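Engineer: Quick one: the structure is below, questions incoming.
The values are calculated or read from the model by the stated rules, or taken from the named source; none is laboratory data. Just so we're clear, the structure is a prediction, and the values are computed from it rather than from any experiment. Here the Cβ is made from the backbone with ideal geometry for all residues, glycine too, and neighbour counts use every protein chain on show.
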Amino acid sequence: MMTLFATEEIVLNIPRIYTVLAEWLACLSYIYFSPKRFSRAKTIIFSIIGLLVMTMFHLWSDTWNINFWILGMIVAVLIMYGFVMLISKSNPFTAGYITVIAFIMSEFAASLEWQIEHFIITNSSRDNIFIKILIYSPIKIYHLRISFTLIITYALIFIAIFYLEKRYWKRKQMFNAKKNDLLAVAVVGILVFSISNISFLNINTPITSNNPTEMFYIRTLVDLAGIVILYSQREHKYATQKSMEVYTMNNLLDKQYEQYRVSMVSTDIINQKYHDLKHHISVIRAETDYDKKMGYIDDLENSIKQYESNYQTGNKVLDIILGSKHDIFVENKINFTCVADGTLLDFIEVMDLVSIFGNALDNAIENLKEINDPEKRLMKLAIFSQANLLMIRIENYYQNKLKYEYGNLVTTKGDNSYHGYGIKSIRSAVDKYGGSLTINTESNWFTIMILIPITQN
C-alpha cells in the first residue's frame, strides 16, 4: 500500500477501484428508494453486472492518454445513467437527475476517503498498530486493494445518505424530475466537477494549487458544496411543490364546499316547497270529491315526491352531498347503493365531510362515466362502526387502467388541474382525526376504506 505514494503523480490519482465503488454505491443509494423494474433477485444480479461493467471500464480507461481523461469521465457518467435506467423504473429526466446527484456524491466520497488515507499515511507513524490496521487491505483482487479506511469512510457516508433518503421516502418525496429539474442539477453538477478538478488540468489559476494536500482540500470542499447546493435545490423544489399542493387542495375544497352550500340552499327550498304543496293538496282534497280532480291531485303529489330528500342517513351534511349527486346518478344510469349510519359522522367537521365524500364520489362518478355498459356502473357507500372504529367504505367498478407514479395512485379524473389531489385531500382530512386510508383495486373494484377511531374523537 505504501508504494501508492511513491511519486506525486500517483498521490494525485485516486485508485480506480475506489472511484468505481463510490459511483456504484452512490447509484444504489438512490435507486434503493425508487420503483424497481425487476424482482429483488434480478435487481441484485443486474447490480453486480453493473459493478463489473463499471470496474472494467475504469480499469481500461486508466490506460488511456491523459488527454482523454474528460472523455473517460463522460463515458463513466453515461454508464451510471444506463445503470440507473436499467434498474429503476424512472423516466429519462428522473434517471438523469439521480445520476447527477449520485455522480457528485461519488466524487465527494472518493475524494474525502483518499484525502483521509493520504493524510494517515503521510502524517502518522508507520509503526502504529492502529495506522497499520487502517491502511491494511483485507480485500485484494490482483493489484486491486480495498483498505479498512475505505470501508469505514464509505460505510459512514453511504449510511448517512441512506437515512437522508429514507427521510424523503417517508415524506413521500421521491424523485420525479422534469426537464427543467434535470437542467438545473446538470448545470450545478458540471460546474462543481469542473471547479473541483481544475487543479488537475491547470495549476496556474488563482483558484488552483500544485500542492497535493491543497488540491485534496479544494476537490473535497467543492464537492461538499455541490452536494449542499443540490440538496438545497431539492428541498426548494419540494417546498414549492408542497405549497402548490396546499393551494390546489384548498381550491378543490372550496369548490366542493361551494357545491355543498348551493345544494344545501336548494335542498332547503325544495323541501319547503314540498311541504307547502302537500298542505295545499290536502286542503283541495278535503274540499272536492270529483274523480278527475282526485286523479289529478294524486298525479301532482306523486310528481313532486322526486323533490323530497332522497337520502336520510342521519347526517344532514351527508344527505345534502348525496342529494347533490342524485341527478348525476340518474342521468348517467349509475346504480348507487347506500347503507350508512350518518350519526357516526357527527364529530367530523363540515369541511372535512365535504372533502371526504365530495372527492370520493366525484372520483367514482368520473370513472363510472367511462364505462359503456350501464349494468356495470355500480357504486356502493357503507358507513358503520366496529370495535370503536368508524368505517367508511366507498366502492365503484372500474375498467380503465389505473396509473401509478412512484408507488402512488394517480387519479384518472378528466380535470387535469386537480390531477391526483382528490385522494390527497381525502387523506389530509382523515389524518386530522388520527385515521387511516387504504385503497384496494382488486377484481376491477376501486375501494376506498377509511378507519377513524371513535373514542379518540
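Engineer: Considering only region 423-457, state which residues are out of contact with any Leu (no Cβ under 9 Å at 6 or more places or on another chain) and assigned to a strand (DSSP E or B).
Structural biologist: Across region 423-457, the qualifying residues are ASN440, THR447.
Engineer: Let me ask another. Kindly indicate whether LEU78 is at pLDDT 95 or above and either part of a helix (DSSP H, G or I) or in contact with a strand residue (DSSP E or B) (Cβ under 8 Å, 6 or more places away or on another chain) (or both). Steps first, please.
Structural biologist: Numbers: at pLDDT 95 or above: yes; either part of a helix (DSSP H, G or I) or in contact with a strand residue (DSSP E or B) (Cβ under 8 Å, 6 or more places away or on another chain) (or both): yes.
Answer is yes for this residue.
Engineer: What's the number of the only condition in (1) in contact with a helix residue (DSSP H, G or I) (Cβ under 8 Å, 6 or more places away or on another chain); (2) at pLDDT below 85; (3) under 30 Å from TYR32 (Cβ atoms) that ILE426 fails to meet?
Structural biologist: Among (1) in contact with a helix residue (DSSP H, G or I) (Cβ under 8 Å, 6 or more places away or on another chain); (2) at pLDDT below 85; (3) under 30 Å from TYR32 (Cβ atoms), the lone unmet condition for ILE426 is (2).
Engineer: Within region 30-44, how many residues turn out to be in a helix (DSSP H, G or I) and more than 11 Å from VAL84 (Cβ to Cβ)? Break it down stepwise before answering.
Structural biologist: Filtering region 30-44 for residues in a helix (DSSP H, G or I) gives 30-31, 40-44.
Cutting the leftovers down to more than 11 Å from VAL84 (Cβ to Cβ) gives us 40-44.
Qualifying residue count for the region: 5.
Engineer: Determine whether region 314-331 contains at least one residue that is touching a helix residue (DSSP H, G or I) at 6+ places or on another chain (Cβ under 8 Å), modelled with pLDDT of 90 or more and surrounded by 14 or more Cβ atoms within 10 Å (Cβ to Cβ).
Structural biologist: Looking through region 314-331, none of the residues is touching a helix residue (DSSP H, G or I) at 6+ places or on another chain (Cβ under 8 Å), modelled with pLDDT of 90 or more and surrounded by 14 or more Cβ atoms within 10 Å (Cβ to Cβ).
Engineer: Let me ask something additional. Do the conditions hold for ILE49, that is, is it modelled with pLDDT of 95 or more and more than 27 Å from ALA225 (Cβ to Cβ)?
Structural biologist: Details: modelled with pLDDT of 95 or more: yes; more than 27 Å from ALA225 (Cβ to Cβ): yes.
Considered against the rule, which asks whether it is modelled with pLDDT of 95 or more and more than 27 Å from ALA225 (Cβ to Cβ), ILE49 comes out as yes.
Engineer: I'd like to verify a number: residues in region 70-91 that are aromatic (Phe, Trp, Tyr) and free of Cβ contacts under 8 Å to residues at least 40 places away in the same chain, how many? Quick ask: steps written out before the conclusion?
Structural biologist: Step one: filter region 70-91 for residues aromatic (Phe, Trp, Tyr), giving 81, 83.
Pick out the ones that are also free of Cβ contacts under 8 Å to residues at least 40 places away in the same chain and you get 81.
Adding up the residues that qualify gives 1.
Engineer: Determine, yes or no, whether GLU113 is crowded, with 22+ Cβ neighbours inside 10 Å and over 35 Å from the mean Cα position of the chain (by Cα). Give the steps one after another, and end with the answer.
Structural biologist: Working: crowded, with 22+ Cβ neighbours inside 10 Å: yes; over 35 Å from the mean Cα position of the chain (by Cα): no.
No: the conditions fail for GLU113.
Engineer: In region 336-355, what residues are of a type in the set (A, V, I, L, M) and modelled with pLDDT of 90 or more?
Structural biologist: First pass over region 336-355, keeping only residues of a type in the set (A, V, I, L, M): 339-340, 344-345, 348, 350-351, 353-354.
VAL339, ALA340, LEU344, LEU345, listed by residue number.
Engineer: Still on this model: Could you check how many residues of region 145-162 are surrounded by fewer than 18 Cβ atoms within 10 Å (Cβ to Cβ), modelled with pLDDT under 90 and either in a loop (DSSP other than H, G, I, E, B) or aromatic (Phe, Trp, Tyr) (or both)?
Structural biologist: 1
Engineer: Is there a residue in region 345-368 that is assigned by the TED database to the domain that holds LYS432, within 24 Å of GLY435 (Cα to Cα) and in a strand (DSSP E or B)?
Structural biologist: Of region 345-368, the ones assigned by the TED database to the domain that holds LYS432 are 345-368.
Of the ones still in play, those that are also within 24 Å of GLY435 (Cα to Cα) are 345-364.
Retained after the next criterion (residues that are in a strand (DSSP E or B)): none.
No; the residues of region 345-368 include none that is assigned by the TED database to the domain that holds LYS432, within 24 Å of GLY435 (Cα to Cα) and in a strand (DSSP E or B).
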